[in-house]
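Report on the following structure.
The values are calculated or read from the model by the stated rules, or taken from the named source; none is laboratory data. Keep in mind that this is a model prediction, so the values were computed, not measured. In this analysis, Cβ positions are derived from the backbone assuming ideal geometry, glycine residues included, and neighbour counts consider all displayed protein chains. Heads up: the accessible areas ignore ligands, DNA and RNA and are worked out on the full protein's heavy atoms, side chains in. Shrake-Rupley method; radii C 1.70, N 1.55, O 1.52, S 1.80 Å.
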Amino acid sequence: MKKLVMLVVALSIVTMLAACGNNSDSGSSSDAGKKSGDQNKTEQQAKQAQDKDVKISDDEKVNKDDVVVQVNDTKIKGDQYNNIYAQTKVAMNQFGEDVSDKDKLKEQAINVLVQQELLKQDAKKQGIDISGEKVQSEFEKIKAENEDQFAAVLEQYQLSEQAYKDQLAFELTVDEYINKEITGTDVTDKEIKSYYDELKEQSKDIPELKKVKEQIKDELTKQKENEKLQAKINELKKDAEIKNMI
């Protein structure tokens, strides 16, 4: 069920979190180790936040047919915005972030919508097209893992099954986009060792390197992919015509 939960969180806030990191240096093993060093504090905050119910008031929603933002020739309407806004608020709360600032939440939700749409548009230009059959097949596999927990997660993130499928289609599109368009994410043994040494300085209980090497490699690969993906989004944004309607 971890895949389900992480998928929902990642879909709604991956670009938001990447954008929040633009003000700091990235890409080094030292930075990666520092992020891991902050993980315990983040997990404590998340545990505290998980006990709080997140409500979406009527004044936080927009009419489902209203255009909230236009990205090039594509108009994004309120129904999509309301879904992303709710996911963003819940996910930020899960990460221990303050969710009382509605203007900030609105800005983050719009940012996610814009960045997702830019990726969708460029993926289409690159010939990437995820079939409805593939989305449905993946959806059924995820749901079948545990239908009760699946329903609980959808309720928590205020998603309909169709909204979840839409997000799933985007996640599958991003996976293929990364495979096709994002290069230079190979991780060296030196980088793995440096990352491991950072972790070991922070915790003496970490297992020996050979037991966690693949896990570290996967983590560093994902970090590199996200950094390059965010750089690509920033390039697309420079050339895009974006009109915020709310």
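The residues of the range 206-246 expose, per residue, 69 Å² of accessible area to a 1.4 Å probe.
With all protein chains in place and a 1.4 Å probe, the accessible surface of the range 53-116 carries 38 percent carbon and sulfur.
Placing Leu105, Leu236 in order of accessible area, with the largest value first and a 1.4 Å probe, yields Leu236, Leu105. Using only Cα coordinates, the Kirkwood hydrodynamic radius of the range 104-231 works out to 17.6 Å. Amide H contacts under 5 Å for Val69: Ile76, Met245, restricted to partners 5 or more places along the chain or on a different chain, H placed in the peptide plane at 1.01 Å from N. With R₀ set to 35 Å, the beta-carbon distance separating Asp53 from Glu241 gives a calculated FRET efficiency near 0.35. The share of accessible area on the range 137-227 that comes from carbon and sulfur is 43 percent, using a 1.4 angstrom probe.
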